[in-house]
1. How many angstrom lie between the Cα centre of the range 126-184 and the Cα centre of the range 225-271?
2. Quick one: accessible surface of residue 310, probe radius 1.4 Å, all protein chains present, in square angstrom to the nearest 10.
3. When DSSP assigns beta bridges and you keep just the ones with both residues in the chain, what percent turn out antiparallel, to the nearest 5?
4. Can you list the residues, at least 5 places off or on another chain, whose amide H is less than 5 Å from the amide H of residue 80, using H built in the peptide plane?
5. By per-residue mean of other Cβ atoms within 10 Å, what is the highest-first order of 420-433, 44-57?
6. Keeping the other protein chains in place, figure out the carbon and sulfur percent of the accessible area of the range 172-310, with a 1.4 Å probe.
7. Just the number please: accessible area per residue for the chain, 1.4 Å probe, all protein chains included, in Å².
8. How large is the dipole of the range 65-148 about the Cα centre if only Lys and Arg carry +1 and Asp and Glu carry -1, each at its Cβ, rounded to the nearest 20 debye?
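The values are calculated or read from the model by the stated rules, or taken from the named source; none is laboratory data. Predicted, not measured: the structure shown is a model, and the values here were computed from it. Note: ideal-geometry Cβ built from the backbone for every residue, glycine included; neighbour counts use all protein chains shown. Accessible surface areas use protein heavy atoms only, side chains included; no ligands, DNA or RNA. Shrake-Rupley method; radii C 1.70, N 1.55, O 1.52, S 1.80 Å.
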Amino acid sequence: MLRRRDVLIGGAAFAGSGAAGFLSVGRKAQAREVLAQPIAHGVESLALDLAERPTALPCFNGKTLPLWTFQAGTTFPIVRVKLGEQLDTVFKNDLPREGEVASIHWHGLRIPNTQDGVPYLTQQPIAPGGKGHYSFVPPDTGSFFFHTHCNSTEHFGRGLIGALIVEGDEIEAPDAEYVLLMKDWRIGSDGKFLPFSTDEGAAKGGTPGTIRSVNGATSPVITVPSSANIRIRFYNLDPMRISEIGFEDAEAAIIAVDGNGLPPMTFESWRMGTAMRVDILLRTAAPGKSVKLYDYFSAQPFVLAEFKSEGRPKRTGGFDPVPLKVMPFPKLDEANAQIIPFEFSATPTGAAIAALGAGPGIQLGPLCLAKRTFWAINKQAWPGHDHQNLGPPLATLKSGQSYIFELDNTTPRSHPIHIHGHTFEVLNSSKRRLPRFRCDTVLLIPNERIQVGLVAGLPGKWMFHCHILEHQEAGMMGYIEVV
Ligand code: C2O
Ligand code: CU
């Protein structure tokens with residue numbers, strides 16, 4: 001029954017997904033990509049109010065915890081817009097702690113730099129009692145999310161995350177759709193939150209949670225139509241967890257990675273670091289039967305969710321997943337691309353520490369500045385100790401030009417590396433056979449080197465960091481400047 005277990009148990013040492021997972025399936029005609037077009041215009045309004053809201057999630061076993069959330073009445077808001085629509089957001093910072101500044105980052109969206117929500121780099125963050133505003137037209141379809149960008153380990157730890165879905169990529173509508181948000185919670189035996197970060201965790205793989213959840217429940221049973229094609233938008237929104245997800249005995253295909261459609265790939269399993277998303281098309285079981293989604297990367301395969309079929313069968317034919325529409329991304333000029341090396345390492349002693357400071361008209365506050373550094377990019381740890389002047393970018397790129405980033409992980413840990421305002425095209429790995437796909441967060445496994453292509457996008461200062469939030473806050477963070 002647990003056929004992936006043999007290779008994945010104690011998975012940290014395992015080099016990666018087998019090539020079998022990367023065979024594309026389905027229509028032969030999929031060479032012809034269908035481009036997504038705007039499907040609506042107009043303006044959607046979104047009101048967010050960041051506040052503490054005591055909540056008793058099913059996974060808390062009767063306990064109530066002081067969550068921080070974006071909206072009253074829902075733990076994780078799921079915001080939907082249609083491709084072509086503008087999203088206007090007003091947010092209020094009602095967080096219950098003095099100096100707990102906030103801004104909202106729209107993870108994975110290629111929007112103007114001024115809307116990117118990075119404190120001090122792109123905007124002055126909003127103090128408690130204050131209001132902020134964002135306005136943009138999401139340029140791409142897909143499964144995205146939003147979060148604050150300061151003291152993030154605690155903010156994620158308290159549940160301050162929301163999904164943003166941009167619709168308009170379906171050629172054939174699935175029979176149903178489900179959004180699954182995975183995250184752990186750090187709760188002590190007294191039923192209270194444990195410290196969200198520890199030096200021990202920050203210096204290793206991150207400080208793990210004690211309770212697992214998907215949509216606030218541990219191993220939820222989700223009722224689905226029988227023998228149907230359902231779309232699952234699966235998000236890893238834990239502050240640190242690496243997972244390798246897969247079904248036991250089910251026909252399924254990966255149809256998008258980080259929101260980017262790709263030729264459907266047989267879904268054996270997929271390794272995901274924090275912030276990574278995958279869209280799956282699953283053929284559900286016969287009436288009364290169920291299919292389980294596992295995390296094979298934990299010590300024992302763990303049931304993330306169970307999809308239980310109800311009602312008359314929807315489909316009879318074979319499983320033939322239809323690809324999603326894709327966005328017209330600028331084409332990478334691989335032959336003429338400049339190669340830029342990035343080394344992800346532990347902080348070398350005596351290394352030059354980049355000096356971070358505020359941009360013009362922006363005052364720097366103390367909250368976003370970690371007091372410790374364990375990690376570095378190209379031997380620079382950021383934030384550093386002296387914050388008077390803006391440190392130099394890790395690289396300066398020309399908008400519209402092609403680059404190959406050579407991402408070299410010289411540590412024994414995995415690092416999900418994220419770039420703001422862009423998507424990477426994964427080209428090759430020194431350790432695994434990877435398919436070609438687009439993503440905004442690429443997982444580097446221990447001592448792996450991956451080349452990704454990138455066409456420099458909109459001008460501005462774009463954050464580039466590890467999305468294990470304690471690694472980010474302990475130095476594995478920098479920015480790329482596009483001019
Ligand atoms: Cu979701 Cu700077 O990241
Ligand atoms: Cu990391």
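1. Comparing the Cα centres of the range 126-184 and the range 225-271, I get a distance of 18 Å.
2. 110
3. Restricted to the chain, the bridges split so that about 70 percent are antiparallel.
4. 165
5. Top to bottom by mean Cβ count within 10 Å: 420-433, 44-57.
6. Ligands and nucleic acids excluded, carbon and sulfur give 53 percent.
7. Accessible surface, normalised per residue, equals 38 Å².
8. That gives the range 65-148 a dipole magnitude of about 120 debye.
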